[in-house]
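A.B. asks: What follows is a single structure, and I will ask about it in a moment.
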Amino acid sequence: MSTSPTYDPATIEPKWQEYWLTNKSFAAVDLDGSREKLYVLDMFPYPSGAGLHVGHPEGYTATDIFCRYKRMKGYNVLHTMGWDAFGLPAEQYAMQTNTHPSVTTQKNVDNFRRQIRAFGFSYDWDREINTTDPGYYKWTQWIFCQLYKKGLAYIDEVAVNWCPALGTVLANEEVINGRSERGDHPVIRKPMKQWMLKITAYAERLLADIDTVDWPEGIKEQQRNWIGKSIGGEVDFAVAGRSETIRVYTTRPDTLFGATYMVLSPEHELVATITTPEQRAAVVAYQEAAAKKSDLDRAEAKDKTGVFTGAYAINPVNGQQIPIWISDYVLISYGTGAIMAVPAHDTRDFAFAQTFGLPIICIMEPDAKAAEAEGVAVADVLAGKACWPGDGAMINSANAEVSLNGLPKAQAIDTIVAWLEKQGIGTKAVNYKLRDWLFSRQRYWGEPFPVAHMEDGSIKLLDEELPVLLPEMEEFAPSGTGESPLANAKDWLDYTDPATGMKGRRETNTMPQWAGSCWYYLRYIDPKNTEAGWESAKEKYWMPVDLYVGGAEHAVLHLLYARFWHKVLFDCGCVSTKEPFQRLVNQGMILGLSYKDARGALVPNDLVEERDGNFVHKDTGETLTEFPAKMSKSLRNVVNPDEIVARYGADAFRLYEMFMGPLTAMKPWQTKGVDGVYRFLHKAWRMIVGQDGELSPEISDAPMTAEQERLLHQTIQKVDEDTNNLSFNTAISQMMIFVNEFSKASQRNRAAIEAFVQLLAPYAPHMGEELWQLLGHGTSLTHEPYPVYDAAKTKASEVEIVVQVLGKPKARLMMPADAGTAAMEAIALADDKVQAALAGKSVVKVITVPGRLVNIVAK
RNA sequence: GCCCGGGUGGCGGAAUCGGCAGACGCAGCAGACUUAAAAUCUGCUGACCGAAAGGUCGUACGGGUUCAAGUCCCGUCCCGGGUACCA
């Protein structure tokens, strides 16, 4: 079969995509014990109406290259694609156009699939999944049932963002300054019954097992911070003249002697009880004001506010009466919702005390050096005029039974906690910032909960009737009551227990989009199983995911939620590994090319034109500078991958995305840069294919020159190692060097060319297959063994050695590659240029690095 | 504020067990081929001084360690991401 004489991606790419699909070239073989398994996972996309952007194929290309490389290395590779297809945009589109979300979703999925296939990615398409498929969400619901049975799913009254004008609940990001993003209507915080998942029960394990996975350090740190473990103590304070006690959580029990007041969260249950009649009006007003504020507003408030309750607590270490205040800087959801305030040693308490003129008593002399480094005057701290949250030596901290004076922080904590425990009024305590997971959404387009609320008030788990299907509906507008549109599905809503005949009402909330993505990596293992989510033997074979590649925007939530579900499934005996994703890599964001003016303001690309090599503002004529910025519609710097593929082909697109820079780095897209890799592909083609479209006559079995052989082995080594390390940009550089050199030669050794085609194939698979076929091979190179290099042949017998005098290069001399220290020194000292540089000096010392350099130290 | 990344030519980037800074590519300049253009091929391309040979400077900035620093240490500045009253 003859081939096009010039490189024509538009012909060869569809041909090979078709071939791979019909031959199922990338089918993963379950339970194949003859090969080592490798599970490489991409974060699956939400199929939006806008189609793929250039960021999607970045990670997908990286994993594809890695998978193709590993198949040639003999691995049984599981590599899959699917659709995270529940979500808000399809539902909003449905409201506007009355198109059923499933119709929109199907259309978008088809488009995404078409785009992804056009890149030639080596997915096992027989394992494609879709989270909106009842055959899939049956098992999402099944996992919910397991959570429920273990007591990890519960209903709670939670304040949500309720917009009366829109008749719907809004997500946090849809609320701006207490008003709805759309329509600018007021939003209030309204308690509603919501499903919660008890992720906090797994806080400790989620924290501890971070240490067992191979993830970027930054992501691991973000997860640790999110879990936010702190160790401290709880202390009971009696309320003066009453029987109640108030328990506080503190990480600094050592500062107990400095507690001069106490603050309760406005939502604290004891506020109403302890508030005195004189203060009641002010307290209630403050509570009401706090309830109206969103969490964001509360967090953004810079100035401390609060109200005195009129009540006093008794500091257990010294019997002093201290006033009890309420303030929204104390959060009900953390610790006990109450704090002891130590203004001398806590910056927030200090600010509050200063605002309201509360006493500030220093009970720790700052460490002098540390105070100086922080620019804090020790005298100010001692006088209560400055705050010192650091370490130091305790002062003024003794009663008849216990003294902390002179102790450093850590010892003081141990001492006082021991005393509190003996008194029965305190204990060591651990706290986490992590909150339970709000798991309901008031939406239609999500997984229904397999739950009915029965007339006797009980909850019936419908785990015998899975999947609980979404009802067909005509209207997707909100119900108006705060419930999801499902509340309008009258026929669906009523539930009758088939066994007892008791009536009930189905749950109208649906699950959040996170649900389907929490376990999809398990479904790929056994995607067609109707008896179970996955078969245990297959799970044991394929898990864990060996490499997971995706964007850093999922650093916390998706990865933490998935880890949580995985641990629950582990406890159920449904999975065999403690962690789902052994290794994680985040691809860097691809930025668009934009322009900014002198003030630094970004200018949309359609207002920019090039004049005499400069970029100027069309209207003002101001000279602009190039500046990378996030791709956005408003800046008109979005690159459409379809256009790039149409112009250059998928192989060039893949190659460019990998050549731009390191996978993990943020990089600006420059379409001009695609020209470089496109030329490289043309050049590689011409190196192998002659004018007539047949194999170039310059390819023969004639032996390589020594230089060619060395370059071949160096290239195999570098491409092999770099591909294995995901350093694709430098692997491509090396292949360019190979092509530049071999193109010049009139004799091109056939074996060398075949090895090159195999190295190239994971990167430019369509061209790889086409050239492989042209070289006379009947079948796909997918499972051909990867080329092997000979380390001895990567090295030249003579190498150039730099000779430095006092660290400055003075000569470059050829020396035998295996020359020893003495020989190198002798050759260096014999050189004229070196001698000239040494004139008038005496040699003090000679440093030699074999194979690299000689440095002569002289006076 | 705190945590995590990162600052290298006109641009993307390469080189980190300390050992020739700028591989490879883009853009630019010059030349070959061509009636011409495109494509392709060849050469040059960090800055400064110099006719040249050559020299000086140079990896955000200021110090330090070392025969030798983009790389290690101390301090500062800037950019990006995350997070935010978590007691």
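A.B. asks: For segment A:43-158, what are Rg and Dmax over the alpha carbons, in angstrom?
C.D. replies: 17.6, 55
A.B. asks: Determine the calculated [θ] at 222 nm for chain A from helices alone, applying -39500 (n - 2.57) to every DSSP H run no shorter than 4 residues and normalising by the residue count; nearest 500 deg cm²/dmol.
C.D. replies: Values: 28 runs with 298 residues, N = 859.
Rounded to the nearest 500, it is -10500 deg cm²/dmol.
A.B. asks: Next question. What are the residues whose amide H is under 5 Å from the amide H of A:V54, where those residues sit 5 or more places off or on another chain and H is modelled from the backbone?
C.D. replies: Amide H to amide H, under 5 Å and 5 or more residues apart or across chains, A:V54 pairs with A:V639.
A.B. asks: Dividing the alpha-carbon Rg of segment A:796-858 by 2.2 N^0.38 Å yields what? Walk me through the numbers before you get to the answer.
C.D. replies: On the way: Rg = 10.6 Å, N = 63, 2.2 N^0.38 = 10.6 Å.
In units of the 2.2 N^0.38 Å rule of thumb, it is 1.00.
A.B. asks: Please sort by residue number the GluC sites (Glu not before Pro) in segment A:1-72 whose DSSP state is loop and whose Cβ has at most 16 other Cβ atoms within 10 Å. It would help to have the intermediate numbers written out before the result.
C.D. replies: Working: sites: A:E18, A:E36, A:E58; in loops: A:E36.
In loop regions of segment A:1-72 (DSSP not H, G, I, E or B), the sparsely surrounded GluC sites (Glu not before Pro) are A:E36.
A.B. asks: How much of the DSSP beta bridge set in chain A is antiparallel, as a percent to the nearest 5?
C.D. replies: Working: 84 of 110 bridges.
Around 75 percent of the beta bridges assigned by DSSP in chain A are antiparallel ones.
A.B. asks: Segment A:219-234 to segment A:25-76: how many Å between their Cα centroids?
C.D. replies: Between the Cα centre of segment A:219-234 and that of segment A:25-76, the gap is 34 Å.
A.B. asks: Here is a further query. Starting from the coordinates of the alpha-carbon atoms of segment A:499-547, obtain the Kirkwood hydrodynamic radius over all distinct pairs and give the value in Å to one decimal.
C.D. replies: Working: mean 1/r = 0.0730 Å⁻¹.
About 13.7 Å for segment A:499-547.
A.B. asks: Once R0 is set to 56 Å, what does the formula 1/(1 + (r/R0)^6) return for the Cβ-Cβ distance between A:D832 and A:A410, expressed as a FRET efficiency to the nearest 0.05? Kindly include the intermediate steps, with their values, before the conclusion.
C.D. replies: Values: r = 67 Å, r/R0 = 1.20.
That gives a FRET efficiency of 0.25.
A.B. asks: List the trypsin sites (Lys or Arg not before Pro) within segment A:244-341 that fall in a DSSP loop (any state other than H, G, I, E or B) and whose Cβ has at most 11 other Cβ atoms within 10 Å.
C.D. replies: Working: sites: A:R247, A:R280, A:K292, A:K293, A:R298, A:K302, A:K304; in loops: A:K293, A:K302, A:K304.
Those that pass, being in a loop and sparsely packed, are A:K302.
A.B. asks: Taking every pair of alpha-carbon atoms in segment A:1-99, what share in percent sits in each 5 Å bin, from 0 to the bin with the longest distance?
C.D. replies: Answer for segment A:1-99: a P(r) of 2, 10, 13, 16, 17, 14, 10, 10, 4, 3, 1 percent.
A.B. asks: Here's another thing I want to ask about it. Which percent, nearest 5, of DSSP beta bridges in segment A:257-353 are antiparallel?
C.D. replies: Numbers: 9 of 12 bridges.
Approximately 75 percent, going by the DSSP bridge assignments.
A.B. asks: Segment A:585-692: which trypsin sites (Lys or Arg not before Pro) are DSSP loop and have at most 10 other beta-carbon atoms within 10 angstrom? Please list the in-between numbers first.
C.D. replies: Working: sites: A:K596, A:R599, A:R611, A:K618, A:K630, A:K633, A:R636, A:R647, A:R654, A:K672, A:R679, A:K683, A:R686; in loops: A:R599, A:K618, A:K630, A:K633, A:R636.
Filter output for segment A:585-692: A:R599, A:K633.
A.B. asks: Could I ask something else about it? Based on the Cβ-Cβ distance of A:V402 and A:T305, what FRET efficiency does E = 1/(1 + (r/R0)^6) give at R0 = 35 Å, to the nearest 0.05? Don't skip to the end; give the middle numbers.
C.D. replies: Values: r = 36 Å, r/R0 = 1.02.
So, using R0 = 35 Å, E works out to roughly 0.45.
A.B. asks: Another question about this same structure. Within segment A:59-80, find all residues whose amide N lies under 13 Å from a label point positioned 7 Å from the Cα of A:L21 along Cα-to-beta-carbon.
C.D. replies: Counting backbone N atoms under 13 Å from the label point, the list is empty.
A.B. asks: If I model a spin label at A:R647 and A:E244 as a point 7 Å from the Cα along the Cα→Cβ vector, what separation in nanometres do I get?
C.D. replies: The modelled label-to-label distance comes out at 7.0 nm.
A.B. asks: Next question. Cα convex hull of chain A: mean projected area in nm², to one decimal?
C.D. replies: Values: hull surface 204.5 nm².
Projected over every direction and averaged, the Cα hull of chain A covers 51.1 nm².
A.B. asks: In this model, which of A:K683/A:K718; A:K385/A:K433; A:K433/A:K538; A:K198/A:K302 are farther than 25 Å apart at the alpha-carbon?
C.D. replies: Numbers: A:K683/A:K718 20 Å; A:K385/A:K433 31 Å; A:K433/A:K538 37 Å; A:K198/A:K302 32 Å.
Cα-Cα > 25 Å for A:K385/A:K433; A:K433/A:K538; A:K198/A:K302; rest within.
A.B. asks: A further question on this structure: Okay, which of segment A:433-469 sit inside 19 Å, backbone N to the point 7 Å along the Cα-Cβ direction of A:T97?
C.D. replies: Inside the label zone: A:444-446.
A.B. asks: Would you mind computing, in nm to one decimal, how far apart the modelled labels at A:L88 and A:V158 are, each placed 7 Å from Cα along Cα→Cβ?
C.D. replies: A separation of 1.5 nm, rounded to one decimal place.
A.B. asks: Just to be sure I understand the model, the point goes 7 Å from the Cα along the line to the Cβ. What's the resulting A:E475 to A:S700 distance in nm?
C.D. replies: Result: 8.3 nm between the two label points.
Laboratory data are not the source of any read-out in this text; all were calculated from the coordinates shown. For clarity, every value in this text was computed on a predicted model and none was experimentally measured. Note: ideal-geometry Cβ built from the backbone for every residue, glycine included; neighbour counts use all protein chains shown.
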